[in-house]
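Here's the structure, in structure tokens; my notes come after.
The values are calculated or read from the model by the stated rules, or taken from the named source; none is laboratory data. Predicted, not measured: the structure shown is a model, and the values here were computed from it. With ideal geometry, Cβ positions are generated from the backbone for all residues, glycine too; neighbour counts draw on all protein chains shown.
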Amino acid sequence: MEINWLSIIVAALIPLLVGFVWYNPKTFGTAWMKSAGMTEESMKGANMAVIFGSTFVLGLLLAMGIGGLATHDGFVQGALYYVTGGEVPAAGSEAETWWSYYLNNLAADNHTFKHGAFHGFMFGGFFISLPVLAINALFERKSWKYILINAGFWIVCCTLMGGLLAAW
């Protein structure tokens, strides 16, 4: 499976771009700061280059994971690798027939924005981000407002990342 590095890089920028809008004081920024116990003063003095750089690097990891989930190609190739012992499926073999069927009949439907967005939403956002953020926030004694603002952000980011990666 070839990795489209340009799509991964662009998808890794999504949390930065969405965050610019999501955490803006005119959207959820003021409510987030209040629920997080942050003040304008505590926000000053942060090393924004490190924060944005780290966000981008972590976004690359997230994009690589969501890319595999969004199209199923990685799972299909992984199954073939297991079935064939790591060998290229032999011509006329059941594995080769199955791979051809997948490529010719199923793969195109998996490479749409809609399909990728669904998987990004469900797996990256709803089944991973929401529970992980909620569990951490509950132990940190944060409010449900805080949980929903942050989980909503990641659900939107994962949805857009999945859609972009599947369609690209």
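Looking at (1) surrounded by fewer than 17 Cβ atoms within 10 Å (Cβ to Cβ); (2) part of a helix (DSSP H, G or I), which is the one condition that is false for residue 88?
Here residue 88 meets the rest and fails (2).
Under the condition of being under 15 Å from the mean Cα position of the chain (by Cα) and either of a type in the set (Gly, Ala, Ser) or more than 19 Å from residue 161 (Cβ to Cβ) (or both), which residue from the range 1-24 is surrounded by the most Cβ atoms within 10 Å (Cβ to Cβ)?
11
Looking only at residues in the range 84-118 that are among the β-branched types (Val, Ile, Thr) and at pLDDT 85 or above, which one is nearest to residue 163 (Cα to Cα)?
Looking at the filtered set, the residue picked out is 112.
Looking at (1) aliphatic (A, V, I, L, M); (2) assigned to a loop (DSSP other than H, G, I, E, B); (3) within 21 Å of residue 31 (Cβ to Cβ), find the lone condition where residue 138 falls short.
(2)
When residues of the range 96-123 are filtered for being in contact (Cβ under 8 Å) with a residue 12 or more places away in the chain and crowded, with 16+ Cβ neighbours inside 10 Å, how many remain?
The number of residues fulfilling the criteria is 13.
Can you name every residue in the range 112-168 that is basic (Lys, Arg) and within 21 Å of residue 35 (Cα to Cα)? Spell out how you get there, then give the answer.
Start the filter on the range 112-168 by keeping residues that are basic (Lys, Arg), which leaves 114, 141-142, 145.
Residues satisfying the conditions are 141, 142, 145.
Please go through the range 88-100 and give me each residue that is hydroxyl-bearing (Ser, Thr, Tyr) and either within 13 Å of residue 73 (Cα to Cα) or touching a helix residue (DSSP H, G or I) at 6+ places or on another chain (Cβ under 7 Å) (or both), ordered by number.
100 - this is the single residue of the range 88-100 that is hydroxyl-bearing (Ser, Thr, Tyr) and either within 13 Å of residue 73 (Cα to Cα) or touching a helix residue (DSSP H, G or I) at 6+ places or on another chain (Cβ under 7 Å) (or both).
Quick check on the range 124-150: of everything there that is within 13 Å of the chain's Cα centre (by Cα) and surrounded by 20 or more Cβ atoms within 10 Å (Cβ to Cβ), which residue is farthest from residue 73 (Cα to Cα)? Outline the logic, then answer.
Pass one, the range 124-150, residues within 13 Å of the chain's Cα centre (by Cα): 124-130.
Checking which are surrounded by 20 or more Cβ atoms within 10 Å (Cβ to Cβ) leaves us with 124-125, 129.
Working: 124: 17, 125: 20, 129: 23 Å.
Ranking the candidates gives 129 first.
Residues 55, 27: which one is surrounded by 12 or more Cβ atoms within 10 Å (Cβ to Cβ), in contact with a helix residue (DSSP H, G or I) (Cβ under 7 Å, 6 or more places away or on another chain) and in a loop (DSSP other than H, G, I, E, B)?
On the way: 55 fails: in a loop (DSSP other than H, G, I, E, B).
Checking each option against the conditions leaves just 27.
Output the residues belonging to the range 42-98 that are of a type in the set (Phe, Trp, Tyr) and under 28 Å from the mean Cα position of the chain (by Cα).
52, 56, 75, 81, 82
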